[in-house]
Amino acid sequence: MNPRKTRLAEFISAFTLFEIGSTTLFQIGAEAKQDAWLAMTLAACVGFLLLMLHLAIFKRDPKRDLFELCRHYFGKVLGNLAVIIFGAYFAYEASRNLRDVGELAAYMLLNRTPLFIIMLLCILVIANIIRYGPHAAFLLMLVLLPFIVFSYFLLISMIFGVGLPKLENMEPILEDGLGPVLKVVPDIISFPFAQTVLFLVFFPMVREEKGIEKSMLIGYTSVAIFLILVNHMNVLVLGTKLADTVSFPLLQVVQLIELAEIFERMDILFVLVLFIGLGAKLLFFYMGAVKGFSNLTRTSFKKWILPIGIAIYALSFASPNFTHHLWVGISVVLKYYPIIQIGLPALLFIVMLVRNKQRTREEEQMDNS
């Protein structure tokens with residue numbers, strides 16, 4: 001893999017686009033109805049703690065990425081198993097994002113093009129970017145971020161400008177108590193906030209280690225606030241029932257924008273923004289999987305681009321239709337993700353602390369002798 005170090009600005013841009021990713025495509029915490037914003041806020045706070053955990057792991061051993069850390073601290077057998085689990089998780093998440101891209105394109109733009117063609121073209125484009133290495137991917141994110149920020153700012157301004165949000169849709173607050181809110185918090189933690197575990201793969205690539213912690217925490221907080229705002233805006237405009245029913249709620253909201261008979265097809269801009277967000281998430285999950293299996297087999301990074309790409313493409317057809325795809329993502333896999341996203345990193349950190357204490361004691365005994 002390309003060993004070039006990336007600048008902090010490029011890295012934060014990639015992190016920001018990754019976190020936004022496909023999150024705005026769906027209604028997060030829909031079961032909490034008008035209190036979804038509260039559920040997202042609680043989940044974001046837990047995600048903040050998880051990010052601090054990831055940064056603590058990085059600070060204790062900044063030269064090793066996630067896979068090298070697993071092999072070094074868990075030992076050969078358990079370490080390789082952890083590498084396989086993380087690599088498979090990243091590949092599966094990439095396949096889900098690929099399916100989202102294909103379904104969105106087929107729904108909005110290319111309804112006469114077969115889904116397998118759309119997704120094949122998408123995976124080929126992403127694979128070609130990965131072929132140039134992480135540095136090229138980070139540079140691309142730096143270029144795309146200003147466009148994404150401006151586009152979302154424009155869309156949100158127009159939604160509020162034409163008076164679509166209705167504050168009465170957020171009442172009554174906590175109508176059924178905290179039960180429905182707490183019920184959906186674990187799922188929201190898993191998607192999207194706990195997905196930051198992926199960046200343990202990329203932390204060692206950053207050139208400026210000193211400013212990474214502050215920048216990451218500021219970036220995460222900004223994105224979390226943005227996602228909570230956008231998610232709640234769906235409720236304010238559509239109401240709880242419609243926001244939960246439609247496949248792409250924010251797209252439905254954007255299609256309601258009509259301003260002076262000039263700005264009427266803002267949904268095209270939103271779809272373009274979504275493609276970039278989905279592409280960013282697919283890109284980094286794909287790259288993480290390639291890096292994992294390259295590390296596992298001690299072979300070249302580029303040799304795994306094609307096999308992993310084929311696996312991602314095949315996995316994207318695991319569901320016969322988009323409804324089943326969403327059901328699997330919400331009702332099945334999210335229940336097991338905390339083991340990978342929270343359990344394994346926490347165990348890794350504990351093992352690191354124990355190993356470091358043992359090393360310190362051994363050094364003290366040697367000094368005393």
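It is to be established whether one or more residues within region 206-216 are touching a Phe, Trp or Tyr at 6+ places or on another chain (Cβ under 6 Å), on the phi < 0 side of the Ramachandran plot, surrounded by fewer than 19 Cβ atoms within 10 Å (Cβ to Cβ) and touching a residue at least 40 places away in the same chain (Cβ under 8 Å).
Filtering region 206-216 for residues touching a Phe, Trp or Tyr at 6+ places or on another chain (Cβ under 6 Å) gives 206.
After this cut, where a residue has to be on the phi < 0 side of the Ramachandran plot as well, the list is 206.
Within this subset, residues satisfying the condition of being surrounded by fewer than 19 Cβ atoms within 10 Å (Cβ to Cβ) are none.
No: zero hits.
So, in region 55-79, of the ones that are in a helix (DSSP H, G or I) and of a type in the set (K, R), which residue ends up surrounded by the fewest Cβ atoms within 10 Å (Cβ to Cβ)?
If we filter region 55-79 for residues that are in a helix (DSSP H, G or I), which is where we start, we get 55-60, 66-74, 76-79.
Narrowing further to those that are of a type in the set (K, R): 59-60, 71, 76.
Working: K59: 12, R60: 15, R71: 19, K76: 9.
So the residue we want is K76.
Conditions tested, residue by residue: (1) under 17 Å from V271 (Cα atoms); (2) among the charged types (D, E, K, R); (3) surrounded by fewer than 17 Cβ atoms within 10 Å (Cβ to Cβ); (4) under 26 Å from the mean Cα position of the chain (by Cα).
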residue	(1), (2), (3), (4)
R99	yes, yes, no, yes
R112	no, yes, yes, no
L145	yes, no, no, yes
L155	yes, no, no, yes
E175	no, yes, yes, no
L182	no, no, yes, yes
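Pick from region 315-336 the residues that are hydrophobic (A, V, I, L, M, F, W, C) and outside any helix (DSSP H, G or I): which of them is nearest to D100 (Cα to Cα)? Spell out how you get there, then give the answer.
Initially, region 315-336 is screened for residues hydrophobic (A, V, I, L, M, F, W, C), giving 315, 317-318, 322, 326-328, 330, 332-334.
From the residues that got through so far, the ones that are outside any helix (DSSP H, G or I) too are 317-318.
Values: F317: 11, A318: 13 Å.
Ranking the candidates gives F317 first.
To keep it simple, each residue is scored yes or no on (1) small (G, A, S); (2) within 23 Å of I20 (Cα to Cα); (3) crowded, with 20+ Cβ neighbours inside 10 Å.
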position	(1), (2), (3)
I257	no, yes, no
F270	no, yes, yes
A280	yes, yes, yes
F285	no, yes, yes
A289	yes, yes, yes
S294	yes, no, yes
W304	no, no, yes
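Inside region 91-120, can you point out the residues that are free of Cβ contacts under 8 Å to residues at least 40 places away in the same chain and closer than 18 Å to V273 by Cα? Reasoning before the result, please.
So in region 91-120, the residues free of Cβ contacts under 8 Å to residues at least 40 places away in the same chain come out as 106, 110-115, 117-118.
If the condition is that a residue be free of Cβ contacts under 8 Å to residues at least 40 places away in the same chain and closer than 18 Å to V273 by Cα, then A106, L110, I118 are the ones that fit.
Filter region 1-44 down to residues that are assigned to a helix (DSSP H, G or I) and charged (D, E, K, R) and give me whichever is nearest to the chain's Cα centre (by Cα). I'd like the intermediate steps shown before the answer.
First, the residues of region 1-44 that are assigned to a helix (DSSP H, G or I): 8-20, 23-25, 30-44.
When the remaining residues are screened for being charged (D, E, K, R), the result is 10, 19, 31, 33, 35.
Working: E10: 17, E19: 4, E31: 21, K33: 23, D35: 23 Å.
Looking at the filtered set, the residue picked out is E19.
Could you list, ordered by first residue, the pairs with Cβ atoms under 6 Å in which the first is in region 231-254 and acidic (D, E) and the second is in a helix (DSSP H, G or I), at least 6 apart or interchain?
Listed by first residue and then by second, the contacts come to D244/A30.
Applying the selection to region 1-58, what residues are of a type in the set (D, E, K, R) and either without any contact (Cβ under 8 Å) to a residue 40 or more places away in the chain or under 26 Å from E103 (Cα atoms) (or both)? Working first, answer last.
Applying the first criterion (of a type in the set (D, E, K, R)) to region 1-58 yields 4-5, 7, 10, 19, 31, 33, 35.
Answer for region 1-58, where residues must be of a type in the set (D, E, K, R) and either without any contact (Cβ under 8 Å) to a residue 40 or more places away in the chain or under 26 Å from E103 (Cα atoms) (or both): E19, E31, K33.
Restricting to region 306-341, name every residue that is surrounded by 15 or more Cβ atoms within 10 Å (Cβ to Cβ), under 28 Å from G29 (Cβ atoms) and among the aromatic types (F, W, Y).
Within region 306-341, F322, Y337 qualify.
Read-outs: derived from the displayed coordinates by stated rules, not from any lab. None of these values were measured; they are calculated from a predicted model. Positions of Cβ are generated from backbone atoms using ideal geometry, with glycine treated the same way; all protein chains shown enter the neighbour counts.
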